[in-house]
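The values are calculated or read from the model by the stated rules, or taken from the named source; none is laboratory data. Predicted model only: the values in this text are computed from it and were never measured. With ideal geometry, Cβ positions are generated from the backbone for all residues, glycine too; neighbour counts draw on all protein chains shown. These area figures cover heavy atoms from the full protein model, side chains too; ligands, DNA and RNA do not enter into them. Shrake-Rupley method; radii C 1.70, N 1.55, O 1.52, S 1.80 Å.
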Amino acid sequence: MTRHGHQRAAHDDGFTLIELLVVLGVVAVVVLVALPLANAGRKGHELRAAAIAVAAELKSARAAALRSNIEQSVEIDTVRGTYATSGNFRPRGVPAGISLEILTISSEQSGLATGRLRFYPDGSATGGRVVLRSGAQSAAVTIDWLTGGTRVHWHD
């Protein structure tokens with residue numbers, strides 16, 4: 001008997017082992033489905049963050065050229081996956097799994113794997129494009145030669 005005078009049945013004392021196994025099975029299926037989706041989303045976020053960081057470096061170099069009245073350049077190394085503004089001896093890198101490509105004028109290519117994007121004191125630039133790829137996703141950071149403006153375009 002319980003405190004209120006009602007009798008409790010023996011089968012109402014908790015969950016059976018089969019019920020617990022069914023619940024654990026459902027949770028396992030949900031986790032197996034959710035993990036790949038979460039990982040794919042993270043890769044997309046890493047690509048976007050890397051593209052924004054490259055664009056920020058390019059914008060910073062243009063601003064430095066305007067401010068100091070001295071040409072500035074950003075060197076891209078596609079093999080190492082790094083980029084650095086002239087005078088900066090500590091290049092930044094993109095996360096593993098993201099590749100870099102550069103399209104610039106031939107006089108700014110210093111090899112098969114490296115090239116520069118140059119910004120002039122009047123705000124103009126050599127122009128070009130840096131493409132970041134992660135699997136089927138890509139982002140292109142373009143530099144307008146006339147204005148030196150930098151834009152990021154997403155391709156899924």
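Could you say which residue among 126, 150, 104 is modelled with pLDDT under 95, under 22 Å from residue 63 (Cβ atoms) and crowded, with 17+ Cβ neighbours inside 10 Å?
Answer to the check: 104.
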Could you give every pair whose Cβ atoms fall below 6 Å, whose first residue belongs to region 45-70 and is surrounded by 18 or more Cβ atoms within 10 Å (Cβ to Cβ), and whose second residue is part of a helix (DSSP H, G or I), counting only separations of at least 6 or pairs across chains? none
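Listed residues 51, 61, 65; which is of a type in the set (A, V, I, L, M, F, W, C) and in contact with a Pro (Cβ under 7 Å, 6 or more places away or on another chain)?
Selected residue: 65, the only one of 51, 61, 65 that is of a type in the set (A, V, I, L, M, F, W, C) and in contact with a Pro (Cβ under 7 Å, 6 or more places away or on another chain).
Looking only at residues in region 72-87 that are assigned to a loop (DSSP other than H, G, I, E, B) and within 20 Å of residue 152 (Cα to Cα), which one is least open to solvent (accessible area, probe 1.4 Å)?
The initial filter retains those residues of region 72-87 that are assigned to a loop (DSSP other than H, G, I, E, B), namely 78-81, 86-87.
Among the residues that remain, those that are also within 20 Å of residue 152 (Cα to Cα) are: 78, 81.
Working: 78: 40, 81: 9 Å².
Out of the qualifying residues, it is 81.
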Quick test of your reading of the structure: residue 120 fulfils all but one of (1) hydroxyl-bearing (Ser, Thr, Tyr); (2) touching a helix residue (DSSP H, G or I) at 6+ places or on another chain (Cβ under 8 Å); (3) open to solvent by 80 Å² or more (accessible area, probe 1.4 Å). Name the failing condition by number. (3)
Within region 1-43, considering residues that are open to solvent by 90 Å² or more (accessible area, probe 1.4 Å) and assigned to a loop (DSSP other than H, G, I, E, B), the one modelled with the lowest pLDDT: 1
What do you reckon, is residue 88 on the phi > 0 side of the Ramachandran plot and either of a type outside the set (Ser, Thr, Tyr) or in contact with a Gly (Cβ under 8 Å, 6 or more places away or on another chain) (or both)? no
Does residue 76 count as closer than 19 Å to residue 142 by Cβ and either at pLDDT 95 or above or not hydrophobic (A, V, I, L, M, F, W, C) (or both)? yes
Region 129-147 - residue that is closer than 16 Å to residue 94 by Cα and touching a Lys or Arg at 6+ places or on another chain (Cβ under 6 Å) and, of those, surrounded by the fewest Cβ atoms within 10 Å (Cβ to Cβ): 140
